């Protein structure tokens, strides 16, 4: 019995009782600092301002179209959400209306591929239309209200992307006069442009 205890102590005395600890490996966080999140956009817009029962594609009296230039300033917090401000002003008019608008939008977005994404725009904005109709009546319509839109963008180079989108600029705004009479008017815009990401 004594020999078993002694031999057991000898066996344990020679054993390595130190635990092996795996080394901690720190993986460096690689941050792409080539793009800051800020971007600036420049585009052209086909804008329709129309009486309440018409839409963007109506070809009838009661509709007036303008060609606008649009400026955008935005910031992407990440690939799924951003914030954007836009200003549009008419540089060419079809008939009677000069117009301008602005908007500040939350921009939810989703990348379909590394270069192609879809996005929405929802926020608040202002709309102003003025001019003189065929009866010599002054046109005046302005409003601050909800605006929304949908679009797609495609990155063509590291810092450059192209976009196309639709924005409902105004809906059922009271006008002193328009093409035909005192009516509510709405305004829609289709925009094509280029953005530079800083």
* Confirm whether residue 165 is in contact (Cβ under 8 Å) with a residue 24 or more places away in the chain, in a strand (DSSP E or B) and touching a strand residue (DSSP E or B) at 6+ places or on another chain (Cβ under 7 Å). => yes
* **Subset of segment 51-101 (residues that are surrounded by 13 or more Cβ atoms within 10 Å (Cβ to Cβ) and not in a strand (DSSP E or B))** => 52, 54, 56, 58, 62, 80, 94, 95, 96
* Structure fact -> Flagged in segment 168-191 as in a strand (DSSP E or B) and exposed (fewer than 14 other Cβ atoms within 10 Å of the Cβ), in numbering order, are 172, 174
* **Which numbered condition residue 173 misses (of (1) at pLDDT 95 or above; (2) farther than 20 Å from residue 112 by Cα)** => (1)
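Do we find that residue 152 is part of a strand (DSSP E or B) and surrounded by 14 or more Cβ atoms within 10 Å (Cβ to Cβ) in this structure?
On the way: part of a strand (DSSP E or B): yes; surrounded by 14 or more Cβ atoms within 10 Å (Cβ to Cβ): yes.
When the stated conditions are applied, residue 152 passes them.
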* Which of (1) surrounded by 12 or more Cβ atoms within 10 Å (Cβ to Cβ); (2) more than 16 Å from residue 192 (Cα to Cα); (3) modelled with pLDDT of 95 or more is the odd one out, the single condition residue 113 does not satisfy? -> (1)
* Within the bounds of segment 119-130, is there any residue that is closer than 15 Å to residue 63 by Cα and surrounded by 17 or more Cβ atoms within 10 Å (Cβ to Cβ)? -> yes
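The values are calculated or read from the model by the stated rules, or taken from the named source; none is laboratory data. Predicted model only: the values in this text are computed from it and were never measured. Cβ: placed from backbone, ideal geometry, glycine included. Neighbour counts: every protein chain shown.
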